[in-house]
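Notes follow once the structure below has been shown.
Since every read-out is calculated from the coordinates, none of them should be taken as a lab result. This structure is a prediction, so every number in the text was calculated from the model and none was measured. Cβ sites come from the backbone with ideal geometry, for glycine too, and all protein chains shown count toward neighbours.
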Amino acid sequence: MTSEPHPVQSTPAPQRWSTLFLAIAALFVTCLLVANIIAVKLVMMAFVLLPAGILIFPLSYLFGDVLTEVYGYAATRPVIWLGFACNVLAVIAIAVAGWLPAAPFWHLQQAYTAILGFTPRLLLASFTAYLVGEFLNSFVLAKLKIATRGRWLWTRTIGSTCLGEGVDSLLFISIAFWGILPFPLLAPTILTQWAIKVGYEVVMTPLTYAIVTFLKRHEGRDTYDDQTDFSPILLGKLLALLSKQAPSREATVWHTTD
């Protein structure tokens, strides 16, 4: 007599990050990748020459602000590195595709290389500016949140963007175009890009408020990085692991009830 098999009841795996967190992180990375791809086109807006990527790149700062404000610097840090890794992967994939032999009937190899090709200098400028700017933006916002005790969100989003986007523009333009653009044009170019990016953040402030308010209420959390190791590469945790000591608590999470 054979026994009937008992149905196995599956247990869902524990979910560390919510679906909304993953959605904001995905939007952050998408804005970064799209901005870097379309940046090869130069556009003329109000008699100002700008890369087309400026239309969407500031959104990566907006979503970075949302991540830090709601989930904290410690949660935003891996997302920034994820964006960097995805950008490197995209560059490698585009380069490998360009190196592959083209089909005999396909005559657009030069156009492909001209539009999607990257010079080492531009890559160095882009990667350096991105990492320094994004980490500075998240760091400043997290510190301002503690200093203001969570009040005046607009001061944190705009203030952190002023510094983050300022350093981003300074590093990218300086590394990419030093010796190419006439020296008198470097400063106006940096200031113009910085002003447009900050203005973008100011205009989008109501949207930032709406997203942050929704997430805090829906997720039931409001993170303060009062005990966070702010090292971008987690040196504190590495040293704690090597010394076999438990790392300090990352942040204080206030669970809202409204």
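A few notes on this one:
- All positions within the stretch 74-105 that are among the small types (Gly, Ala, Ser) and surrounded by 10 or more Cβ atoms within 10 Å (Cβ to Cβ): Ala74, Ala75, Gly83, Ala85, Ala90, Ala93, Ala95, Ala97, Gly98, Ala102
- The requirement of being surrounded by 14 or more Cβ atoms within 10 Å (Cβ to Cβ) and outside any helix (DSSP H, G or I) is fulfilled somewhere in the stretch 116-134, by at least one residue.
- Pair list, Cβ < 9 Å and 6+ apart or interchain, from the stretch 84-106 residues that are more than 12 Å from Gly117 (Cβ to Cβ) to residues that are among the acidic types (Asp, Glu): Phe84/Glu134
- Only a single criterion out of (1) surrounded by 16 or more Cβ atoms within 10 Å (Cβ to Cβ); (2) over 29 Å from Asp222 (Cβ atoms); (3) in contact (Cβ under 8 Å) with a residue 40 or more places away in the chain; (4) not basic (Lys, Arg) is not satisfied by Pro51, namely (3).
- Residues satisfying the stated conditions in the stretch 159-175, i.e. closer than 18 Å to Lys143 by Cα and either of a type in the set (Lys, Arg) or crowded, with 23+ Cβ neighbours inside 10 Å (or both): Ser160, Thr161, Gly164, Glu165
- The stretch 209-230 residues that are touching a residue at least 12 places away in the same chain (Cβ under 8 Å), paired with ones that are in a helix (DSSP H, G or I) and among the basic types (Lys, Arg) (beta carbon under 7 Å, 6 or more apart): Asp222/Lys216; Tyr224/Lys145; Asp229/Lys237
- Test for Ile80: is it over 21 Å from Tyr224 (Cα atoms) and in contact with a helix residue (DSSP H, G or I) (Cβ under 6 Å, 6 or more places away or on another chain): no
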